[in-house]
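FYI, it's all coordinate maths here, none of it is from the lab. The shown structure was predicted, so the numbers you read here are calculated from the model rather than taken from an experiment. Positions of Cβ are generated from backbone atoms using ideal geometry, with glycine treated the same way; all protein chains shown enter the neighbour counts.
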Amino acid sequence: MKKTLTVSLNGRSYELEEDAFKMLDEYLKQLESYFAEDAGKQEILSDIESRIADHFDESNRVRGVVIGADEVRRVIEIMGTPSDIADGEKVPKAEKPHRSYRKLYRNMDDKVLGGVCSGMGCYWNVEPLLFRIIFIISIFWGGLGLLVYAILWIAVPPALTTTQKLEMRGEEVTAENIGKSFENKK
């Protein structure tokens, strides 16, 4: 019989075994001390917590399942430790169980109107100007471009958080990449 604790990660509740809780708590404290000097420390840690919660949700689709030390260890491996970040060493991708993939978001950092074309450019790794030209040409071709653009503006969510911006560019959402994105903002 093991003792369990209820924790809240980014507003979501999880049941963790006591040893898993200690491991996760130590990991978050290490990250907090590593990012202590960064101006956006709270936002970095919030994004990391959010990503950890996403990993817990992916692996434990059934609610009520208690998260053990093995699962916490797996998530820490994916996210990377502060020593991995400081050394600049990364675990080779072949050993990582996580794959990164792009998600379609509206790019609010490089928008002309709603960020749709810029988001599509990030998603397909193409210059957004190409999509802008296509939409302008298709507006004069029966107005179809305007309708499609309006639908995409409504349907595609904006990339507001660091995690969403990394997913939009197809980068892995690790503690290292989240920290780097805040360094790049300076």
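Points worth noting:
- Approximate spin-label separation TRP153-LEU28, in nm, with each point projected 7 Å along Cα-to-Cβ: 4.0
- Ranked VAL126, VAL75, VAL156, criterion: other C-beta atoms within 10 Å, fewest first: VAL126, VAL156, VAL75
- If you plug the beta carbon distance of LEU130 and SER8 into 1/(1 + (r/R0)^6) with R0 = 35 Å, you get a FRET efficiency near 0.20.
- With neighbour counts taken as other beta-carbon atoms within 10 Å, the residues PHE135, PHE140 rank, fewest first, as PHE140, PHE135.
- Charge dipole of segment 101-170 (Cα centre as origin; +1 on each Lys and Arg Cβ, -1 on each Asp and Glu Cβ, all else neutral): 100 debye, rounded to the nearest 20.
- The 3J(HN,Hα) values that the Karplus relation (6.51, -1.76, 1.60; θ = phi - 60°) gives for segment 33-43 are, in residue order, 6, 5, 8, 4, 8, 6, 5, x, 3, 5, 5 Hz. Gly and Pro appear as x.
- Note on segment 101-170: dipole from Cβ charges, positive end direction compared against GLY121, ILE139, LEU160; the farthest Cα belongs to LEU160.
- Coupling constants for segment 149-164 follow from the phi torsions by the Karplus curve (6.51 cos²θ - 1.76 cosθ + 1.60, θ = phi - 60°), and in residue order they are 4, 4, 5, 5, 4, 7, 7, 8, x, x, 8, 9, 8, 4, 4, 5 Hz; glycine and proline get x.
- Phi-based couplings in Hz for segment 65-73 (Karplus 6.51, -1.76, 1.60; Gly and Pro marked x): 7, 7, 8, x, 5, 4, 5, 5, 4
- Amide H to amide H distances under 5 Å link ARG106 with ALA159, where only residues 5 or more positions off or on other chains count and H is placed in the peptide plane.
- Entries in LYS41/LYS111; LYS22/LYS180; LYS2/LYS22; LYS3/LYS41; LYS22/LYS103 that, when Cα-Cα distance is taken, lie over 24 Å: LYS41/LYS111; LYS22/LYS180; LYS3/LYS41; LYS22/LYS103
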